[in-house]
Every structure is written in structure tokens, then in C-alpha cells.
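The values are calculated or read from the model by the stated rules, or taken from the named source; none is laboratory data. From a predicted model like this one, the values you see are computed outputs, not experimental measurements. Heads up, the Cβs are rebuilt from the backbone with ideal geometry, glycines too, and the neighbour counts pull from every protein chain shown.
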Amino acid sequence: DVQVVESGGGLVHPGGSLRLSCEASGFTFSTYSMNWVRQAPGKGLEWVSYISGGSATVYYAASVKGRFTISRDNAKNSLYLQMHSLRAEDTAVYYCASLNSAYWYFDLWGRGTLVSVSS
Amino acid sequence: NFILTQPHSVSASPGKTVTISCTGSSGSIASNYVQWYQQRPGSAPTIVIYEDNQRPSGVPDRFSGSIDSSSNSASLTISGLKTEDEAAYYCQSYDSSNYWVFGGGTKLTVL
């Protein structure tokens, strides 16, 4: 099956750190740009970060720049999001999503992993 | 900041047609393609329209997209509404400063 599966979410105190993972299967992971998109409880979608297939290009939303780091290991078919200095407003379901290589829309999404930042 | 504005909610009866708007805050919405995603409760989003008006395979032709440059807006139209269409719909575009931008989402209720 073609899928991506996120993991690593949980409860963390403000100022803490967390590392999310996304494991891909069923497609040639290294040829796809990947993204993290988050959704706060009851709220809309917010793009968080992008990484190209070979990791040469990364982008971040202004809200996370300097605190979050996206990376990938193509040998392990895995995408990561290292999050530092977490804030209450980072509380959300974090989705891993591939970018359609021809039309640049988010075409394969995981089920998400919940990150809760609270004291 | 580039912002996409959607109505918070819309509703219509089964069999009817509904249109959801997505208005760009600045520049021309026609400068970059608009995508539309459907998100049913408890599920991840799925694409229903890409590049303003293209349907991925598997999306019924009841779904259509358009751009109106005069109002700097994009629209998603769903005809022949079915109860299964009840979901949140998000428009999304691209901005050179903010990269991928989503609208706030519109909850569609099929009464």
C-alpha cells in the first residue's frame, strides 16, 4: 500500500522538545518532496515545513522558523520534524504529506500525530 | 502576509448546488494555482481540485473549480449534493514569501 505513517507525538511542557517521524512505504520516497502540515484542535490547516527529495531545499513557515528543523533519511524512507522551544500554540495534529511532483499539491497524507503543549 | 479568506460555513439540501468562495488578500489570485481539499471529520484532507479547475482521477465531475480575477477569488462548486459531501473544504495556494497558504476552511452541511 502507498502510505505515510506519522509517529512521535505526545504531551510536552512549554519550552520542551519533540521529534516527529513519518515512515513512507509503497512509493519511491527519495523522488518526492515532503511536507509537514498541522491542524490545531477545531481549527484549519497550516503548512509548517517543506523539504526537497534530496534535502537540498527546505522551507519553514514564519511561525516555526528557528525552532523547528525538517530532515529526511531516504535510506530509511523516513521524514522527521525536530521541534524545540515548543509553545501552547504549537498544539496540533501534525500531518506528513507528499507533494505531487507534477502539480505541486499535497497528494498523500498520513493520519497525523497529536502534539500537545501544556504545563 | 498573503491570506485566503473563506466563508466559515455553507449549507444546502441534497441534490442542490453549492459554491464555496476563496478570496485572496493581495496580488492576483490568478498568479498561482489554487487547490481545494476535502476533509471529513476525523480524517486527513484529500485533494478534490488542483490547478484551479482540474479534478484528480476518482473525484466525481460534480466537483468543479474556477477563478474570477475581477473579484480576486477562486470558487469550488459542488453540484448534485450528496450527504457524503458533508465535510470541511480548504482552498490552498502558493505565495513566494509565505510558501503554501491555506484558507481558513468552510464547513459544508448537507441538510
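Within the set A:78, A:25, the sole residue that is crowded, with 16+ Cβ neighbours inside 10 Å, of a type in the set (Gly, Ala, Ser) and farther than 27 Å from residue B:91 by Cα turns out to be A:78.
Regarding residue B:94, is this residue at positive phi and surrounded by fewer than 21 Cβ atoms within 10 Å (Cβ to Cβ)? So residue B:94 fails the test.
Screening residue B:59 with (1) over 18 Å from residue B:5 (Cα atoms); (2) in contact with a Cys (Cβ under 8 Å, 6 or more places away or on another chain) gives one miss only, at (2). If the condition is being within 14 Å of chain B (Cβ to nearest Cβ), assigned to a loop (DSSP other than H, G, I, E, B) and not charged (D, E, K, R), then the stretch A:21-49 contributes A:33, A:40, A:41, A:42, A:44.
Annotation: of all residues in the stretch B:40-56 being within 8 Å of another protein chain (Cβ to nearest Cβ) and within 11 Å of the chain's Cα centre (by Cα), the one that is farthest from residue B:85 (Cα to Cα) is B:50. Among the residues of the stretch B:64-87, those identified as touching a Leu at 6+ places or on another chain (Cβ under 7 Å) and within 14 Å of another protein chain (Cβ to nearest Cβ) are B:65, B:87.
Note on the stretch A:82-119: residues that are more than 14 Å from every other protein chain (Cβ to nearest Cβ), assigned to a strand (DSSP E or B) and out of contact with any His (no Cβ under 8 Å at 6 or more places or on another chain) amount to 4. Looking across the stretch A:42-66, the residues that are surrounded by 13 or more Cβ atoms within 10 Å (Cβ to Cβ) and of a type in the set (Ser, Thr, Tyr) come down to A:49, A:50, A:52, A:55, A:59, A:60, A:63. Free of Cβ contacts under 8 Å to residues at least 12 places away in the same chain and within 15 Å of the chain's Cα centre (by Cα), is that true of residue A:59? When the stated conditions are applied, residue A:59 passes them. Here the strands (runs of 3 or more DSSP E) wholly within chain B that include at least 1 residues being under 25 Å from residue A:4 (Cα atoms) are B:35-39, B:46-49, B:87-95, B:99-102.
When residue B:32 is tested against (1) modelled with pLDDT of 95 or more; (2) within 26 Å of residue A:59 (Cβ to Cβ), only condition (1) is not met.
Entry remark, the stretch A:50-68: residues being in a strand (DSSP E or B) and within 9 Å of chain B (Cβ to nearest Cβ) number 3 in total.
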